[in-house]
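The values are calculated or read from the model by the stated rules, or taken from the named source; none is laboratory data. The shown structure was predicted, so the numbers you read here are calculated from the model rather than taken from an experiment. Neighbour counts are summed over all protein chains in view; Cβ atoms, including those assigned to glycine, are modelled from backbone coordinates with ideal geometry.
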Amino acid sequence: MTLVVDRAGDGPRVHALVIGVGAYRHLPGGGEPVTHDTLGLRQLTGPPLSARAVADWLATSLRHPRAALGTIELLTSPGAPDAAPDGAAPPAPSRASVDVPTMAAVAAAFEAWYARCDTHEDNVAVFYFCGHGVERESPFLLLEDFARSPLALLENALDIGQTYQGMARCRAREQYFFVDACREIPFQLLQLLSGNARVLVTPQAVGDQRRDTALVYATSGGAKAYGRPGRPTRFTEALLRALDGLGGRLDGAGWVVDVSSLQRAVTLLLGSGAGGAPVQVPSVRGAGLGVLHTMPHAPLVPVSLACRPAAAVQAGAPRLSPLAALPGAVRHAAIPSLVASATGWSVEVPADIYTLSVDFPGGGYASVQKSIAALPPGVYDEPVEVQP
Amino acid sequence: VTGRLGVAWDAGPGHERLLACEVIGGGRRITRTLDADAPYAFDVPEGTYVVRVALPSGAFMSSVAEVAGDRETWVVLGDSTGAVTEVPDPGAESFTPGTGGADRRPTRPLFARLWLGDTPSTWSDTVEVAPDGAITARLSTGLGPYALQVGGPETAWRTVRLPPAYGVTLTVSRSEDTAGFDDGVHVGVTSASPVAGSLLGYLASGQLDAAQIVAPELVRQAEELFRGKMANPEGAAAAGYFLLRAGQQESVRNWPENFANWFDWLPDAAVIHAWQLLRRPRVPERDVARARLLQAARAGAPCYTEGLRLLFQGLQLLGNEDPDDADVAGALEQVRLFAAACDWDAVHTTYWSARPDRPGLQRHTGWPTEADGWVRLPGA
């Protein structure tokens, strides 16, 4: 077990279990005998980085409306120690030495996490997994010692669907599960998935008293979730950007991130992947309108403007003036300058409604004005028509 | 100084007629339902306002309006009105990718067949090709366990359970997803009830906040159903699933029970009642919940994927508690076949199958061997 954050205290707490599996012992390159069809699965470098990025964000940025951060338990492969020097401050989650996510280690960590969550009904349970996954009648998450036995391929896999159901037994009434894994296996290989995946808490008919729950998948059923070598995965990067503000919505005079607004933002960010990145569409199950995170101020929102014609971009002097039109808005004194590109301008500004003015000091085009609603999840390629 | 802001929704092809709308500006945020058939206007302080609707796909469509004092300013949202769609719309009814594109004509030979229960039904409806190449048909279904089957020599056969409504619209279009569930062809079913269609779309895409805006009207309609004023089991099913997702299933007291009694052929009704009972602390009516789940399993696959998920989970729950319960074990094995072969992200239950009652992971292709009862779709 590796608690990378352990903050004792009274009252409701957020308890997180964060798992990133990259080194699969029984897949090619894993160092152990491979005695089975490997389903086309390979070693991964992104999941440990993704898990550590999530743990870092939780440790440094999470502001739940009712519960302070309590614990973060982290398991990642390859588990390379990266200890802080003697006398140094406690290591950040991204630098801590942690256990590797074998089935035994994950099961033990899960039991301890469940027990912590179960201490208070207003506790908040957060579960995050990044690694390989497959889907048969339920999504299965593959742990580091997956496929140890060729006779029972799913022996060291986790049935997250049933485990999520079983968590109804836990007293924590607010629970969020994030699963960054593929849900795709070719049909002809599905029949190789022998045996049953493990359920870490057996569902019981005790009455589901959870108030707000979500099981967020990085991709839709039967589809892939994409990673990038040596970097956090696309979904996790989008998830953290959404939590940082692009998944924000107005709640009275403040800004919060809830499951619905988070889902929309992650969908947008994955849908606008640069360089022809493949489509990846997250999906969510659950109940309630749980607020995961409150923001101390209006989120920064990306605004990109498409100038038509593009030839006018370099001659233009664009300026955004905030109207302080949103509930609880303050008039922001310093709005950063827009940055020109070949086709338009872009900038990140606090959420608000703005007046865009584009002047052409050198002449050639008429000045233009228009209103821009800079709201999460952002303004993308908003056309700005310019007349000679 | 007060002006007047009007909001209208120009719903084009492929959009629901009723959506969740928010108006932000003047230090306020107002949310309400926006009906394509019922524009509305209200008084606001003069100023700048953003009006946006949440599409079931997960996209926003928005526009900004300047409201001057003593004047009425209208915002018309729609594909043809210049409103900005902030998120690319990846699918017509859910987040299913790969259904967009200019030419939606399927590139593979396909057939379609209508089933009522386990028996092929007569196909008497006209099949048309839309301007964008998509194949459409308005199916003359009634209230009953209807299912649609689509497949072909190069496309795995699939079954789509149809909503309990008098008539639904089928759309078959090309999909860029050739390796996943779509297998190159997207099959969509448009709901007959605008509110139910929006609500189910929002639920499927996880937009419970938007669902909460449009749901009250449907819940009211569902309550009227059980006062004998109207017959809209489709709306009642959508309302029931919303209430379960929102944790408000007790707010309608005993109508889930009436729903399951009155529509005993509809698995979704039994599932909704079962889960109302299973959510209660310590589950005092466990036996009734069990009976409802078995009733649902006997009736076949639920019309909605949400119902199949709840049926599967409910039977797993009871099976875990009592492994010796042979009835539950049998039902679970049957439902597990649907669960293994289904598209979990579709709104309407969709699964690979040679026949509606035989879901399976085997890829079944070809033309039906029967001489009639099916129609070859135009296209490739």
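Hey, can you tell me all the residues within the range B:264-287 that are of a type in the set (A, V, I, L, M) and farther than 14 Å from A:Gln204 by Cα? It would help to see each step written out before you state the result.
At the first step, the residues of the range B:264-287 found to be of a type in the set (A, V, I, L, M) are B:266, B:269-272, B:274, B:277-278, B:283.
Residues satisfying the conditions are B:Leu266, B:Ala269, B:Ala270, B:Val271, B:Ile272, B:Ala274.
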Leading residue by the ranking (farthest from the chain's Cα centre (by Cα)) among those in the range B:12-32 that are surrounded by fewer than 19 Cβ atoms within 10 Å (Cβ to Cβ) and within 22 Å of B:Pro216 (Cβ to Cβ): B:Arg28
Collect the residues in the range B:352-380 that are within 11 Å of chain A (Cβ to nearest Cβ) and surrounded by 23 or more Cβ atoms within 10 Å (Cβ to Cβ), keeping them in residue-number order. B:Trp352, B:Pro359
Count of the range A:334-356 residues which are more than 14 Å from every other protein chain (Cβ to nearest Cβ) and free of Cβ contacts under 8 Å to residues at least 40 places away in the same chain: 10
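For the range A:364-388: of the residues being more than 14 Å from chain B (Cβ to nearest Cβ) and either touching a residue at least 40 places away in the same chain (Cβ under 8 Å) or in contact with a strand residue (DSSP E or B) (Cβ under 6 Å, 6 or more places away or on another chain) (or both), which is farthest from A:Leu269 (Cα to Cα)? Walk me through it before giving the result.
Of all residues in the range A:364-388, those more than 14 Å from chain B (Cβ to nearest Cβ) come to A:364-368, A:386-388.
Those still in the list that are either touching a residue at least 40 places away in the same chain (Cβ under 8 Å) or in contact with a strand residue (DSSP E or B) (Cβ under 6 Å, 6 or more places away or on another chain) (or both) too: A:364-365, A:367-368, A:386.
Details: A:Gly364: 36, A:Tyr365: 34, A:Ser367: 32, A:Val368: 30, A:Val386: 29 Å.
Here the answer is A:Gly364.
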Any hit, the range B:92-112, residues being touching a Pro at 6+ places or on another chain (Cβ under 7 Å), more than 30 Å from B:Val1 (Cα to Cα) and at pLDDT 75 or above: yes
In the range A:323-333, is there at least one residue being in contact with a helix residue (DSSP H, G or I) (Cβ under 6 Å, 6 or more places away or on another chain), more than 9 Å from every other protein chain (Cβ to nearest Cβ) and surrounded by 13 or more Cβ atoms within 10 Å (Cβ to Cβ)? no
Verdict on B:Ser57 being within 9 Å of chain A (Cβ to nearest Cβ) and in a strand (DSSP E or B): no
Across the range A:232-248, which residue is nearest to the chain's Cα centre (by Cα) among those that are buried (at least 23 other Cβ atoms within 10 Å of the Cβ) and over 14 Å from A:Pro282 (Cβ atoms)? A:Pro232
Log entry, pairs with first residue in the range B:166-184 being modelled with pLDDT under 80, second being exposed (fewer than 14 other Cβ atoms within 10 Å of the Cβ) and in a loop (DSSP other than H, G, I, E, B), beta carbons closer than 8 Å, six or more apart or on different chains, reads B:Glu176/B:Gly101; B:Ala179/A:Pro186
When residues of the range B:42-52 are limited to those that are surrounded by 14 or more Cβ atoms within 10 Å (Cβ to Cβ) and part of a strand (DSSP E or B), the one nearest to the chain's Cα centre (by Cα): B:Arg52
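Yes/no matrix, rows are residues, columns are (1) part of a loop (DSSP other than H, G, I, E, B); (2) under 19 Å from B:Trp367 (Cα atoms):
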{"site": "B:Asp103", "(1), (2)": "yes, no"}
{"site": "B:Pro109", "(1), (2)": "yes, yes"}
{"site": "B:Ala112", "(1), (2)": "no, yes"}
{"site": "B:Trp123", "(1), (2)": "yes, yes"}
{"site": "B:Gly133", "(1), (2)": "yes, no"}
{"site": "B:Thr136", "(1), (2)": "no, no"}
{"site": "B:Gly142", "(1), (2)": "yes, no"}
{"site": "B:Thr159", "(1), (2)": "no, yes"}
Determine whether the range A:115-122 contains at least one residue that is at negative phi, in a strand (DSSP E or B), more than 14 Å from every other protein chain (Cβ to nearest Cβ) and crowded, with 23+ Cβ neighbours inside 10 Å. no
Checking the condition at pLDDT below 95 and either part of a loop (DSSP other than H, G, I, E, B) or among the small types (Gly, Ala, Ser) (or both), which residue from B:Arg363, B:Arg336 passes? B:Arg363
Please work out which one of (1) more than 21 Å from the chain's Cα centre (by Cα); (2) among the hydroxyl-bearing types (Ser, Thr, Tyr); (3) at pLDDT 90 or above is the condition A:Thr213 fails and give its number. (1)
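Counting only residues that are part of a strand (DSSP E or B) and loosely packed, with under 15 Cβ neighbours inside 10 Å, which one in the range B:1-11 is nearest to the chain's Cα centre (by Cα)?
Checked the range B:1-11; the qualifying residue nearest to the chain's Cα centre (by Cα) is B:Asp10.
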Would you please name the residue that is farthest from the other protein chains (Cβ to nearest Cβ), looking only at residues in the range B:320-333 that are surrounded by fewer than 17 Cβ atoms within 10 Å (Cβ to Cβ) and of a type outside the set (Asp, Glu)? B:Ala326
Which of the residues spanning the range A:244-271 are under 19 Å from A:Val349 (Cβ atoms) and assigned to a helix (DSSP H, G or I)? A:Asp244, A:Gly245, A:Leu246, A:Ser261, A:Ala265, A:Leu268, A:Leu269
Apart from one, (1) of a type in the set (Lys, Arg); (2) under 21 Å from B:Ser63 (Cα atoms); (3) within 14 Å of another protein chain (Cβ to nearest Cβ) all hold for A:Arg319; the odd one out is (3)
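Within the range B:4-15, does at least one residue satisfy the condition of being within 14 Å of chain A (Cβ to nearest Cβ) and either in contact with a Cys (Cβ under 9 Å, 6 or more places away or on another chain) or at pLDDT 85 or above (or both)? Before the answer, list the steps.
Within the range B:4-15, the subset within 14 Å of chain A (Cβ to nearest Cβ) is B:5.
From what's left, either in contact with a Cys (Cβ under 9 Å, 6 or more places away or on another chain) or at pLDDT 85 or above (or both): B:5.
Checked against the condition, which is being within 14 Å of chain A (Cβ to nearest Cβ) and either in contact with a Cys (Cβ under 9 Å, 6 or more places away or on another chain) or at pLDDT 85 or above (or both), the range B:4-15 yields at least one hit.
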Criterion: modelled with pLDDT of 90 or more and either at negative phi or in a strand (DSSP E or B) (or both) - qualifying residue of A:Arg241, A:Arg183: A:Arg241
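Sort out which residues of the range B:210-227 are within 14 Å of chain A (Cβ to nearest Cβ) and in contact with a strand residue (DSSP E or B) (Cβ under 7 Å, 6 or more places away or on another chain), and write them in order of number.
Within the range B:210-227, the first condition is being within 14 Å of chain A (Cβ to nearest Cβ), and the residues that meet it are B:210-215.
B:Ala210, B:Ile213, B:Val214 - these are the residues of the range B:210-227 that are within 14 Å of chain A (Cβ to nearest Cβ) and in contact with a strand residue (DSSP E or B) (Cβ under 7 Å, 6 or more places away or on another chain).
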Exactly one of these conditions fails for B:Ile24: (1) within 11 Å of chain A (Cβ to nearest Cβ); (2) modelled with pLDDT under 90. Give me its number. (2)
With respect to the numbered conditions (1) within 24 Å of A:Val284 (Cα to Cα); (2) hydrophobic (A, V, I, L, M, F, W, C); (3) within 14 Å of another protein chain (Cβ to nearest Cβ); (4) not in a loop (DSSP other than H, G, I, E, B), which one is the sole condition not fulfilled by B:Ala238? (3)
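Return the only residue of A:Ser371, A:Ser346 being over 30 Å from the mean Cα position of the chain (by Cα) and at pLDDT 90 or above. Break it down into steps so the answer makes sense when it comes.
On the way: A:Ser346 fails: over 30 Å from the mean Cα position of the chain (by Cα).
Criteria check complete, one pass: A:Ser371.
Does A:Leu250 satisfy the criteria of being more than 12 Å from chain B (Cβ to nearest Cβ) and either at positive phi or modelled with pLDDT of 90 or more (or both)? Even if it seems obvious, please write down each step before you answer.
Working: more than 12 Å from chain B (Cβ to nearest Cβ): no; either at positive phi or modelled with pLDDT of 90 or more (or both): yes.
Spelling it out, it is not the case that A:Leu250 is more than 12 Å from chain B (Cβ to nearest Cβ) and either at positive phi or modelled with pLDDT of 90 or more (or both).
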Of the conditions (1) more than 14 Å from chain B (Cβ to nearest Cβ); (2) buried (at least 21 other Cβ atoms within 10 Å of the Cβ); (3) not hydroxyl-bearing (Ser, Thr, Tyr), A:Asp159 fails just one. Which one is it? (1)
Looking only at residues that are at pLDDT below 95 and β-branched (Val, Ile, Thr) in the range A:1-21, which one is farthest from A:Leu142 (Cα to Cα)? A:Val5
